[in-house]
Amino acid sequence: MDLFAGPGGLDVAAEKLGVPTVGIEWDGAACTTRRAAGLATIEGDVRHYGPSDFPDADVLAGGPPCQTFTVAGGGAGRRALDDVLAFIKRMVAREPRDQIDRDLAKMEDERTGLVLEPLRWALEAIDSDNPYKAIVLEQVPAVLPVWEAYEEALRGEGYATDSRILRTEEYGVPQTRKRAVLIARKDTEKVSLPEATHRPYRKGVGRESGDGRLDPWVSMADVLDRPYLFQVISNYGTGGDPKARGRRGSWEPSATVTGKISRNRIVSTTGEELERFTFSEAGRLQTFPSDYPWSGNDIGQQIGNAVPPRLAIHVLSAAFEWGSPSDDVLGKLAFWNGARSDQAPAAVGRVPRKRAELAPMAAVRS
Ligand SMILES: C[S@@+](CC[C@H](N)C(=O)[O-])C[C@H]1O[C@@H](n2cnc3c(N)ncnc32)[C@H](O)[C@@H]1O
């Protein structure tokens, strides 16, 4: 059960692991991509649904949109975080939903309520004696304090939990991106986020140096079919200084893929302007299959929003207690349909509305 499902980064990972998914997503463009990919999708607001609408789902996953909680003390960020933490306590104390909803409606930032949605789903499932076996949540690093409060809440409900910041290049993603990830597991004593498989990237440090037990990080050149060296010049300057725009070479992992990736310039080593990243290439930097049928508007934003499926395969495998994923499973990310994207079906099915119309969900191996 994937809340705030976006174009399907988490779902692609789950499907490749053989776990059927259903996602709730309200953005029409992201839903267009999901349907083109054949992912079961409810186009709607997560707040209008609950676990009783999907009684067969036994894993809860999600990446709710969040405020930036700047935790350096003081300021609006700290207050926003304090508000969220106070709501978590009230929810755990099982204060009636209408009372909590009333106070949430008074909050200036609607995202305060959205970041609490996975907890509402988890607690409602527990209270109806159908708790999720595993829970997986992902967001930007600033959300880690919220995941820590979630951990405390979920431990009190009988879950083992783990949360920390993961660096995507340490899991073989050809991109540096940091994410705060939480996993929780019912009926087990201890659950642990996956161990790194690849070395961390450090500017100016060669990929062969470092811990010999780990694989070297993966570069852009390793996954893209561009038979020449190039440099990517980021759209963003450091501190607004255009001269300080970040540069990454094709022999390095990509900088974090954002919704603005198509604004990045690509130049040859002699400074010649080259073709910018296609959507397929940007998707590959996020470890989406090269033929993923990106569709609808603002595809750059959809790509930038997603969890890299390769990271998600590692995280889901840890949450399911399946151990490290095999190369065979990870290799399945190369293709979605096994055809080029221009040969993929334009759309598959329609939006399932009622429970009976959803694809059946098999129980996850426990
Ligand atoms: C960070 S993205 C999630 C990406 C996703 N986990 C993936 O891997 O592709 C957050 C998504 O939440 C969606 N969203 C925001 N508020 C929502 C709501 N109330 N109900 C449903 N979807 C919502 C946004 O449109 C966005 O696509």
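Scanning segment 10-22 for residues being more than 9 Å from the ligand (Cβ to nearest atom) and of a type in the set (Gly, Ala, Ser) gives a total of 2.
So is ILE42 under 29 Å from GLY156 (Cα atoms), in a strand (DSSP E or B), assigned by TED's automatic domain parsing to the domain that holds GLY331 and in contact with a Gly (Cβ under 8 Å, 6 or more places away or on another chain) or not? Judged against the criteria, ILE42 is not a match. THR32: closer than 25 Å to VAL315 by Cα and either outside the structural domain of LEU137 (by TED's automatic domain parsing) or hydroxyl-bearing (Ser, Thr, Tyr) (or both), yes or no? Taking the combined requirement at face value, the residue does not satisfy it. With a requirement of 2 or more residues that are in contact (Cβ under 8 Å) with a residue 24 or more places away in the chain, the helices (runs of 4 or more DSSP H) lying completely within segment 65-158 that satisfy it span 75-92, 111-127, 144-156.
The residues in segment 253-276 that are of a type in the set (Gly, Ala, Ser) and without any contact (Cβ under 8 Å) to a residue 12 or more places away in the chain can be counted, and the count is 1.
Here ALA334 does not qualify as of a type in the set (Gly, Ala, Ser) and within 12 Å of the ligand (Cβ to nearest atom). When the residues of segment 299-329 are filtered to those that are more than 18 Å from the chain's Cα centre (by Cα) and not in a helix (DSSP H, G or I), the one that is surrounded by the most Cβ atoms within 10 Å (Cβ to Cβ) is GLU321. The single condition among (1) closer than 19 Å to VAL136 by Cβ; (2) away from the ligand (no atom under 13 Å from the Cβ); (3) surrounded by fewer than 21 Cβ atoms within 10 Å (Cβ to Cβ) that GLY77 does not satisfy is (1). For segment 23-39, how many residues are within 14 Å of the ligand (Cβ to nearest atom), part of a loop (DSSP other than H, G, I, E, B) and out of contact with any strand residue (DSSP E or B) (no Cβ under 7 Å at 6 or more places or on another chain)? So the count comes out to 2.
The values are calculated or read from the model by the stated rules, or taken from the named source; none is laboratory data. Please read all numbers here as calculations on a predicted model, not as lab measurements. Here Cβ is always computed from backbone atoms with ideal geometry, including for glycine, and neighbour counts include all displayed protein chains.
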